[in-house]
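The values are calculated or read from the model by the stated rules, or taken from the named source; none is laboratory data. Everything numeric here is computed off the predicted structure, so don't read it as measured data. Heads up, the Cβs are rebuilt from the backbone with ideal geometry, glycines too, and the neighbour counts pull from every protein chain shown. The accessibility values were calculated without ligands, DNA or RNA, using every heavy atom of the protein model including side chains. Shrake-Rupley method; radii C 1.70, N 1.55, O 1.52, S 1.80 Å.
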Amino acid sequence: MRIVIVTGMSGAGKTTALKIFEDAGFYVADNLPAPLLGDFAKFCVSDVGITQVALGIDIRGGKMFTDFSMGILELDKLGVAWSILFLDSSNEILLNRYKETRHLHPLAKNDLVSVGISKERVLLEEVRERATYIMDTSGLLPRQLKIKILDMFAENKTGKLLVNILSFGFKYGIPEESDLVFDVRFLPNPFYNAELKPMSGLDAAVREYVMSHDVSVRFMDSLFAMINFLIPHYISEGKNQLIISIGCTGGRHRSVTLSQELHKALSAHENPIAIHHRDIDKDQSRK
């Protein structure tokens, strides 16, 4: 088991960092009282088998935060591997972030934000000295912070994008979770072929019918080229998942065929690819 303690200056990006850890498969808990570190680690190991944990611990804990060293000592006694990620930022940037969000600084509820920042730096001196990693987020965009954190801590490094291909029928509505939506109702429709009508795009005969037309082949080539172009750019922006929805009238013939073709074309990528056919079994009387 390993625990990453995320701490640092208020406004330096701890909430964003914890979300990045959560997306990377870590169990995340925020604002845990430092004295409970040992008990929490025991619970994770013995009761639920959690092996990767990211904990947000900072001055919001008030007096309990002053017992930070005691919590670390408990982890050492248990033999639990731990590291401290300390997020920092310049005073100017922190002030600007507080102005933008209009949040109150936890140490300056009745005072100037600048006074709270100064108090916090003093309180965090010892923790900063013990930090395994110190990261200045002053000039970092969220996607850049994500890349740095994943490079440091994630077993599955950055550069992977889960691609979900989803076929659907427009008569049942466009999937709300879609990132990209393609309408293939302009392609020749197997529904009007009495032999093919009861089949689906998973059947070879339907696939051969749809892809026997030049318009289908040209569309598929163009679609693959575009998705192939987009994937590295989505990755560079820090996107974790891409949902590509392909729709026809009922979601049984053309959309399924094109989804299968795209899945096959993208399978050579190192990114994980999944495929789902939402409406393939709905209302087979009219597609």
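Modelled label positions at Glu208 and Glu195, each set 7 Å beyond Cα in the direction of Cβ, lie 0.8 nm from each other. Shape analysis of region 6-129 yields a ratio of the Cα radius of gyration to the Kirkwood radius, Rg/Rh, of 0.99.
What accessible area per residue comes out for the chain, rounded to a whole number of Å², with a 1.4 Å probe?
Details: 14450 Å² over 287 residues.
On a per-residue basis, 50 Å².
For region 182-248, averaging the sequence separation of C-alpha pairs within contact (under 8 Å, six or more residues apart) and dividing by the residue count gives a relative contact order of 48 percent. Each peptide among 78-84, 14-20, 242-248 gets the average number of other Cβ atoms lying within 10 Å of its residues, and from highest to lowest they stand as 242-248, 14-20, 78-84. Taking 7 Å steps out from each Cα toward its Cβ at Ser236 and Glu100 produces label points 2.2 nm apart. Each part gets one Cα centre, and for region 123-145 versus region 11-61 those centres are 17 Å apart.
Highest mean packing first, where packing is the average number of other Cβ atoms within 10 Å per residue, the peptides 164-176, 103-115 line up as 164-176, 103-115.
Taking all Cα pairs closer than 8 Å and separated by 6 or more residues, the relative contact order of the chain comes to 20 percent. Averaging Cα coordinates gives a centre for region 74-94 and one for region 193-265; these two points are 47 Å apart. Here the 3J(HN,Hα) profile of region 129-145, calculated from phi with Karplus coefficients 6.51, -1.76 and 1.60 at θ = phi - 60°, is 5, 8, 4, 6, 10, 10, 10, 8, 9, 3, x, 9, 7, x, 5, 6, 4 Hz, Gly and Pro shown as x. Checked against a 19 Å cut-off, the cross-linked pairs Lys160/Lys239; Lys42/Lys77; Lys77/Lys148; Lys171/Lys282 give Cα-Cα distances beyond that limit for Lys77/Lys148. Residues Thr132, Thr7, ordered by accessible area of protein heavy atoms at a 1.4 angstrom probe radius and largest first, appear as Thr132, Thr7.
Does region 93-158 come out rounded, prolate or oblate by the C-alpha gyration tensor, with a ≥ b ≥ c the root eigenvalues, rounded set by a/c under 1.5 and, if not, prolate when a/b is larger than b/c and oblate if not? Taking the square roots of the gyration eigenvalues as a ≥ b ≥ c, region 93-158 is oblate.
Taking a ≥ b ≥ c as the square roots of the eigenvalues of the alpha carbon gyration tensor, region 215-284 is prolate, as a/c is not under 1.5 and a/b beats b/c.
How high is the relative contact order of region 38-146, given as a whole-number percent (alpha carbon pairs under 8 Å, six or more residues apart)?
Working: 73 pairs, mean separation 32.8, N = 109.
Relative contact order here is 30 percent.
Within the accessible surface of the chain, defined with a 1.4 Å probe on protein heavy atoms only, the carbon and sulfur portion equals 53 percent. Overall dimensions of the chain, expressed as equivalent-ellipsoid semi-axes from the Cα gyration tensor (√(5λ), whole Å, largest first), are 52, 21, 16.
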